[in-house]
Structure formats: C-alpha cells, structure tokens
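The values are calculated or read from the model by the stated rules, or taken from the named source; none is laboratory data. These numbers come from a predicted model, not from an experiment. Note that each Cβ is placed from the backbone with ideal geometry, even for glycine, and that neighbours are counted across all protein chains shown.
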Amino acid sequence: MLGAVIGMLNLLLIIFTNNNNKEKMNGLLRELTTISEITLLGGLFMVSVGTYLGGVWANESWGRYWGWDAKETWALVTILVYAFILHMRFIPGLQSLYAFNFASLFGFATVIMTYFGVNYYLSGLHSYAAGDPVPVPSQVYYTAVILGVLSILAYINWRKIFRKE
C-alpha cells in the first residue's frame, strides 16, 4: 500500500513539475522512487514468505502444497507482478521514473484482488462467494477513473518536461 501511495504522490509531483522547478522536482522524484522501491522489496519479501507458509499450512491441512486454487494462483500473480515491477529498471524501454511509479500504483490492484476479490468474487477454498455475485462498489470505478486520469496527465507532463533525459 505504501508503495502505491508513494507512486500516486510521485505522479502528482510529475503533474505539477514545470521548467522552473524541474531540477528540484527531479531530485525529489528520484528520492521518493528509491523509497518506494525499498518498500516494494519488503512487500515482495513478505508476500513471498506468506505464500510459502500458506503452502506449508496447506500441506498440513489438505496433504498438498499447491492446488491452483484461486487464492493460491492470485498470490503467485501478485509475486510475479511485483517481481516484474522491481525488475523494470533492467529493461531499457521501462527505465523511467514515470513507468516505475505508474506500475507501483496499479500493481497494488493485484494485492487487492488477492486479498478481497478472490474471497468475494471467485469460488474456491478461500471464497465466500456462494453463487450470487456481490456487486462491485461504485467507489472502485470512481477510483479507477481518477487514477487513470492522474496517470494520463502525469504521462503528458512527463513527455513534455522530462523527454530529453
């Protein structure tokens, strides 16, 4: 969550960057992105350990470590998404501060899906979904639109101000 909040803050800072404050904002963006990267590393470690311990618990309870249940699969998806986000800096086309902060903001959606979406919208051993689908709260759509607009505005200003770096 902290990595997503810092990513959102960085996108807001990118929106408010202009040619007069470009150098100061660039330094601030780099510092906050480093802090976000450290938080994502800690989060990835904890999700990985939690998934591993969940497998140990599953073996004790059901006699198997992994059964491709919806919760297990989404835990793996979360690990892979955050591993990709943390490795984006090694891909030449994805090395920008904008790309990392955008990915850290929207990568949090996999965590939300793993911990809430699977429980209420998918069927399986970890699910409370018993047939009737729970309606998606309207705040989810509003949040997605607001974060989408924020990302587009930040991208436009990033291209205009920082394209030469």
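Remarks
- Close pairs (8 angstrom Cβ cut-off, 6 or more residues apart or separate chains): closer than 12 Å to Ala75 by Cβ in segment 111-134, modelled with pLDDT under 70 anywhere: Val118/Gly124; Val118/His126; Val118/Ser127
- Total residues in segment 17-34 satisfying the condition of being in contact (Cβ under 8 Å) with a residue 12 or more places away in the chain and either more than 25 Å from Lys160 (Cα to Cα) or not in a helix (DSSP H, G or I) (or both): the figure is 3.
- Tally of residues being of a type in the set (Ser, Thr, Tyr) and exposed (fewer than 11 other Cβ atoms within 10 Å of the Cβ) across segment 133-165: 3
- Boolean, Thr73 is surrounded by 12 or more Cβ atoms within 10 Å (Cβ to Cβ) and over 18 Å from Ala154 (Cβ atoms): yes
- Selection over segment 1-32 of residues that are over 18 Å from Val81 (Cβ atoms), of a type in the set (Val, Ile, Thr) and within 17 Å of the chain's Cα centre (by Cα) gives a count of 0.
- Ile14 vs. criteria crowded, with 16+ Cβ neighbours inside 10 Å, β-branched (Val, Ile, Thr) and touching a residue at least 60 places away in the same chain (Cβ under 8 Å): yes
- Positions within segment 35-90 being of a type in the set (Asp, Glu) and in a helix (DSSP H, G or I), in sequence order: Glu37, Glu60, Glu72
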